[in-house]
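Participant: Before we start, here is the structure in question, set down as structure tokens.
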Amino acid sequence: MKSLILVLFLTLLPESDSNSFISTIKPLSGEKWWGAVVNDGFRQPYGTIRQLDLSVDNMGGATAPFLVSSAGRYVWSDRPFTFSFDNDTLTIRSQVEEVKPVVAGTTLKEAYLDAASKHFPFVGGMPPREFFEKPQFNNWIEIFLRGTNQDVVDEYTDAIAANGFPCGVYMMDGGYLSHMGSMAFEPTLFPDPKRMFDKIHSHGWKAIIWMTYFVSPDSREYKKLRYHNHHTTLDHLVHRKDDNAAAVLRWWSGISAAYDLTKPEANDYYVNALKAFLERNHIDGLKFDAGDPHFFSESGDYRFHDPDAEPVDFSTAYARLAFEFPYNEFRSGFKCGGWPIVQRLHDKAHSWEALRQISPEIQVAGLMGSPYVVGDMIGGGLEVSFLPSNGEIDHKLFVRSCELQALMPMMQFSLAPWRVLTKEECDICRDMAQLHVHFAPYILELAEQASHTGEPIVRAMEYEFPGQGFNRQMQQFMLGSRYLVAPVVGPDDKVKVELPAGVWVDDLGRKIKGPAVLDLENVPLGRIPYYRKIK
């Protein structure tokens with residue numbers, strides 16, 4: 001015991017220079033760390049990685065100045081820090097404090113729950129039930145391939161119902177605005193948007209729509225929102241660094257100004273404008289895109305209303321809109337653990353490599369306080385993956401992606417299975433959608449539990465079974481404490497299943513005593529192996 005205490009005291013070796021505090025945290029025996037960057041989950045638990053600066057590096061998703069270990073330790077800071085790993089040794093550089101590890105127990109679960117209770121407490125709020133009860137449909141890939149107009153949207157809506165797929169939330173993705181910031185449909189492409197959303201509602205589905213905070217320069221909205229000394233205008237846009245003119249930022253759709261959401265008056269104005277837009281078009285909520293800090297940091301020429309705000313604080317202010325719009329989806333955010341946010345992973349390519357990133361990243365999201373997570377779109381959400389120049393759609397990959405999401409907290413279709421798959425393959429996808437509906441009562445039970453305790457819905461094996469050899473990255477995961485799920489994520493139809501001690505019953509009804517290692521081969525399309533713990 002004395003030697004263990006000595007090790008704990010000696011694991012922090014602080015240094016400092018004129019601009020920062022540097023902490024070197026050496027690993028305990030067998031210790032591994034998770035956290036900080038959701039979309040870096042495919043490299044976690046960490047071993048050796050380059051330096052990541054949380055003030056600018058979000059890898060297209062949610063981040064937090066938080067790392068948690070399998071040895072019951074965690075590190076937390078209120079401000080972004082830079083970190084790296086070298087052979088399991090963690091180095092943290094902070095501009096504001098010496099970041100010290102907290103000993104909260106001896107396991108990953110104990111450390112996570114202690115950190116959640118102190119730094120990102122869950123207070124009972126969660127996204128609406130419709131996100132969990134049935135699959136979501138997002139029309140992004142279809143409108144990208146077939147055209148962003150009302151006829152294509154209506155055809156997709158009708159086809160979901162005609163092909164017998166359950167749906168809870170329908171998402172209208174981007175490309176419909178007349179220009180950024182207008183909060184108005186392009187009238188020649190969308191002549192009657194209210195009717196379009198009434199059609200969606202007629203099926204009993206909720207409808208949300210893509211939106212972001214950018215404003216096209218020289219537009220009417222820009223002129224109204226920018227600061228100008230000689231006219232009665234609002235001062236609601238992010239400024240340039242050295243004057244009161246609006247900053248101009250580069251992002252994937254062009255060059256735009258941005259609402260300054262660090263300013264309360266600008267935030268309120270934006271919220272009221274969004275609510276008016278939703279009401280007049282009969283829409284239930286919003287898919288909030290962007291929020292990445294690098295849009296500001298790469299420009300350099302920006303200044304927020306709040307003089308102490310950094311780009312990550314803008315990301316936090318943006319994500320706070322979840323409290324105003326319960327039907328939401330976000331991709332990015334900083335230090336938002338415990339919030340009622342539907343968190344999606346960054347756009348995934350249509351590839352086996354991208355498919356293998358989903359389970360580890362969703363496990364990490366749960367360990368960062370974001371349990372209500374969706375693994376992007378089934379088959380991939382990176383639209384260019386589906387251009388004809390990139391080759392044929394991999395049918396097996398699409399179906400395996402569908403199987404994986406069936407036993408996740410949420411599943412989201414985009415590319416229409418009835419349009420690109422064979423009848424038999426489409427039937428499998430429909431069966432997987434129904435499997436998700438079958439598991440929905442348990443998933444909702446876990447979501448409700450998470451809203452009070454912070455317990456992840458999808459859990460890393462090490463979280464549930466500490467000290468049993470699961471202290472590493474694994475594709476298999478626990479759905480709550482009851483089900484072990486072992487998805488097939490390769491073209492060879494194989495999966496290695498590692499069962500902990502106990503008695504398990506698989507999806508085929510066979511009883512198996514653990515611990516056991518099962519090498520499954522020739523797993524047919526339409527089967528996602530899962531195991532219920534009965535003892």
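The values are calculated or read from the model by the stated rules, or taken from the named source; none is laboratory data. Everything numeric in this text was worked out from a predicted model, so none of it was measured. Here the Cβ is made from the backbone with ideal geometry for all residues, glycine too, and neighbour counts use every protein chain on show.
Okay, residues lined up against (1) crowded, with 20+ Cβ neighbours inside 10 Å; (2) closer than 17 Å to VAL248 by Cβ; (3) assigned by TED's automatic domain parsing to the domain that holds GLY291:
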| position | (1), (2), (3) |
| --- | --- |
| GLY175 | no, no, yes |
| MET180 | yes, yes, yes |
| LEU189 | no, no, yes |
| ILE200 | yes, no, yes |
| GLY204 | no, no, yes |
| ILE209 | yes, no, yes |
| THR212 | yes, yes, yes |
| VAL215 | yes, yes, yes |
| ARG226 | yes, yes, yes |
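Participant: Restricting the search to the range 316-347, which residues are under 14 Å from the mean Cα position of the chain (by Cα) and part of a helix (DSSP H, G or I)?
Facilitator: Step one: list which residues in the range 316-347 are under 14 Å from the mean Cα position of the chain (by Cα), which gives 319, 322, 328-347.
The answer is ALA319, ALA322.
Participant: Follow-up question, since we're still on this one. I'd like to check something: does the range 453-475 contain any residue that is surrounded by fewer than 17 Cβ atoms within 10 Å (Cβ to Cβ), at pLDDT 95 or above and of a type in the set (Phe, Trp, Tyr)?
Facilitator: Checked against the condition, which is being surrounded by fewer than 17 Cβ atoms within 10 Å (Cβ to Cβ), at pLDDT 95 or above and of a type in the set (Phe, Trp, Tyr), the range 453-475 yields no hits at all.
Participant: Got a number for residues in the range 79-110 being crowded, with 18+ Cβ neighbours inside 10 Å, of a type in the set (Gly, Ala, Ser) and not in a strand (DSSP E or B)?
Facilitator: 1
Participant: Further, regarding this structure: Being closer than 30 Å to GLU383 by Cα and of a type in the set (Asp, Glu) is the filter here; which residues of the range 216-273 pass it?
Facilitator: ASP218, GLU221, ASP260
Participant: I would also like to ask the following. If a residue has to be surrounded by 16 or more Cβ atoms within 10 Å (Cβ to Cβ) and in contact with a Lys or Arg (Cβ under 7 Å, 6 or more places away or on another chain) to count, how many in the range 145-169 make the cut?
Facilitator: Residues meeting the conditions: 7.
Participant: May I ask you to list the residues in the range 465-496 that are over 21 Å from the mean Cα position of the chain (by Cα), closer than 18 Å to LEU367 by Cβ and of a type in the set (Phe, Trp, Tyr)?
Facilitator: Within the range 465-496, PHE465, PHE470 meet the criteria.
Participant: From the list SER94, SER77, exactly one residue is within 22 Å of the chain's Cα centre (by Cα) and in contact (Cβ under 8 Å) with a residue 12 or more places away in the chain. Which is it? Steps first, answer last, please.
Facilitator: Details: SER94 fails: within 22 Å of the chain's Cα centre (by Cα).
Just one listed residue meets the conditions, SER77.
Participant: For the range 404-435, enumerate the residues that are among the aliphatic types (A, V, I, L, M) and either at pLDDT below 95 or part of a loop (DSSP other than H, G, I, E, B) (or both). Full working, then the answer.
Facilitator: Quick first cut of the range 404-435, residues among the aliphatic types (A, V, I, L, M) only: 404, 406-408, 410-411, 415-416, 420-421, 428, 432-433, 435.
Of everything in the range 404-435, those that are among the aliphatic types (A, V, I, L, M) and either at pLDDT below 95 or part of a loop (DSSP other than H, G, I, E, B) (or both) turn out to be LEU407, MET408, MET410, MET411, LEU415, ALA416, LEU421.
Participant: Out of the range 37-53, which residues are surrounded by fewer than 24 Cβ atoms within 10 Å (Cβ to Cβ) and in a loop (DSSP other than H, G, I, E, B)?
Facilitator: GLY47, THR48
Participant: Evaluate the range 37-52: report whether one residue or more is modelled with pLDDT of 95 or more, closer than 17 Å to GLU462 by Cβ and among the acidic types (Asp, Glu).
Facilitator: no
Every residue, every condition in (1) hydrophobic (A, V, I, L, M, F, W, C); (2) under 21 Å from TRP339 (Cα atoms), yes or no:
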residue	(1), (2)
PRO409	no, yes
ILE428	yes, no
LEU444	yes, yes
HIS452	no, yes
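Participant: Let me ask another. In the range 259-314, which residue that is small (Gly, Ala, Ser) and under 24 Å from the mean Cα position of the chain (by Cα) is farthest from LYS241 (Cα to Cα)? Lay out the reasoning, then the answer.
Facilitator: From the range 259-314, those small (Gly, Ala, Ser) are 266, 273, 276, 285, 290-291, 297, 299-300, 309; that's our starting set.
Filter again for under 24 Å from the mean Cα position of the chain (by Cα), leaving 285, 290-291, 297, 309.
Details: GLY285: 34, ALA290: 22, GLY291: 20, SER297: 12, ALA309: 13 Å.
Result: GLY285.
Participant: If you check every pair at least six apart or on different chains, which have Cβ atoms under 7 Å apart with a residue in the range 463-489 that is on the phi > 0 side of the Ramachandran plot first and a residue that is surrounded by fewer than 20 Cβ atoms within 10 Å (Cβ to Cβ) and not in a loop (DSSP other than H, G, I, E, B) second?
Facilitator: Partner pairs satisfying both residue conditions: GLY480/TYR442.
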